[in-house]
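Chemist: This is the structure I have questions about; it appears just below.
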Amino acid sequence: MEGVWKEMENLVKDGLVKDIGICNYTVTKLDRLLRSAKITPAVCQMEMHPGWKNDKIFEACKKHGIHVTAYSPLGSSEKNLAHDPVVEKVANKLNKTPGQVLIRWALQRGTSVIPKSSKDERIKENIQVFGWEIPEEDFKVLCSIKDEKRVLTGEELFVNKTHGPYKSASEVWDHEN
């Protein structure tokens, strides 16, 4: 990790990129990186939604001045928060779609958001999240959604079960967070 980060820092020094960042880091990994980094990450991209608030790493990033970008703000087909009764209730109250409420939740939390859609109407809908806010009491209700679970564990994408140092991504994630 440190060697890769050093090479990325060289890209900044050489003027080839303006900023460098991290993705899916734990607090433990961030602390390890910051011990040797000469350049603090500009951004940390992570899965974040009311069903996976990622509070520990979110707070660690804020402490170090690292911007957070939330991906999967609506969840996924396995855990689609747009159909969560709490989200639907807030959306109905505000006359917004559940997707808009979930994106706005992330923005109000202080993150940037990268929602995904292949449907034109949803893309247009997703941009209609400015000029209004979720009232504090509704924001708190969204923050109280239980059963926190990552949509994307990284198990199939990032774990080398034969030669890797970890048995499972979720096992490491749960342990370090």
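Chemist: Tell me, yes or no, whether the stretch 56-73 has at least one residue that is basic (Lys, Arg) and either under 17 Å from Ile127 (Cα atoms) or part of a loop (DSSP other than H, G, I, E, B) (or both).
Modeler: no
Chemist: Of the residues Val113, Val101, which is touching a strand residue (DSSP E or B) at 6+ places or on another chain (Cβ under 8 Å), open to solvent by less than 40 Å² (accessible area, probe 1.4 Å) and not in a loop (DSSP other than H, G, I, E, B)?
Modeler: On the way: Val101 fails: touching a strand residue (DSSP E or B) at 6+ places or on another chain (Cβ under 8 Å).
Going through Val113, Val101 in turn, just one is touching a strand residue (DSSP E or B) at 6+ places or on another chain (Cβ under 8 Å), open to solvent by less than 40 Å² (accessible area, probe 1.4 Å) and not in a loop (DSSP other than H, G, I, E, B): Val113.
Chemist: Across the stretch 3-36, what is the total count of residues that are under 22 Å from the mean Cα position of the chain (by Cα) and more than 23 Å from Ile57 (Cβ to Cβ)?
Modeler: Counting residues in the stretch 3-36 that are under 22 Å from the mean Cα position of the chain (by Cα) and more than 23 Å from Ile57 (Cβ to Cβ) gives 1.
Chemist: From the list Lys124, Lys79, Lys93, pick out the single residue that is open to solvent by 40 Å² or more (accessible area, probe 1.4 Å), without any contact (Cβ under 8 Å) to a residue 40 or more places away in the chain and out of contact with any strand residue (DSSP E or B) (no Cβ under 7 Å at 6 or more places or on another chain).
Modeler: Answer to the check: Lys124.
The rows are residues; the columns are (1) open to solvent by 10 Å² or more (accessible area, probe 1.4 Å); (2) touching an Asp or Glu at 6+ places or on another chain (Cβ under 6 Å); (3) part of a loop (DSSP other than H, G, I, E, B); (4) without any contact (Cβ under 8 Å) to a residue 24 or more places away in the chain.
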{"site": "Val4", "(1), (2), (3), (4)": "yes, no, no, yes"}
{"site": "Glu7", "(1), (2), (3), (4)": "yes, no, no, yes"}
{"site": "Leu11", "(1), (2), (3), (4)": "yes, no, no, yes"}
{"site": "Val17", "(1), (2), (3), (4)": "yes, no, yes, yes"}
{"site": "Tyr25", "(1), (2), (3), (4)": "yes, no, yes, no"}
{"site": "Lys29", "(1), (2), (3), (4)": "yes, no, no, no"}
{"site": "Leu34", "(1), (2), (3), (4)": "yes, no, no, no"}
{"site": "Lys38", "(1), (2), (3), (4)": "yes, yes, yes, no"}
{"site": "Pro41", "(1), (2), (3), (4)": "no, no, yes, no"}
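Chemist: Further question: Residues Lys124, Lys93: which one is of a type in the set (D, E, K, R) and modelled with pLDDT under 95?
Modeler: Checking each option against the conditions leaves just Lys124.
Chemist: Look at the stretch 55-68 and say how many of its residues are over 12 Å from Leu30 (Cβ atoms) and either modelled with pLDDT under 95 or crowded, with 18+ Cβ neighbours inside 10 Å (or both).
Modeler: Matching residues across the stretch 55-68 total 1.
The values are calculated or read from the model by the stated rules, or taken from the named source; none is laboratory data. Everything numeric here is computed off the predicted structure, so don't read it as measured data. Cβ coordinates were reconstructed from backbone atoms using ideal geometry, including for glycine residues, and neighbour counts include every protein chain displayed. Accessible surface is based on the protein model in full, side chains and every heavy atom, while ligands, DNA and RNA are left aside. Shrake-Rupley method; radii C 1.70, N 1.55, O 1.52, S 1.80 Å.
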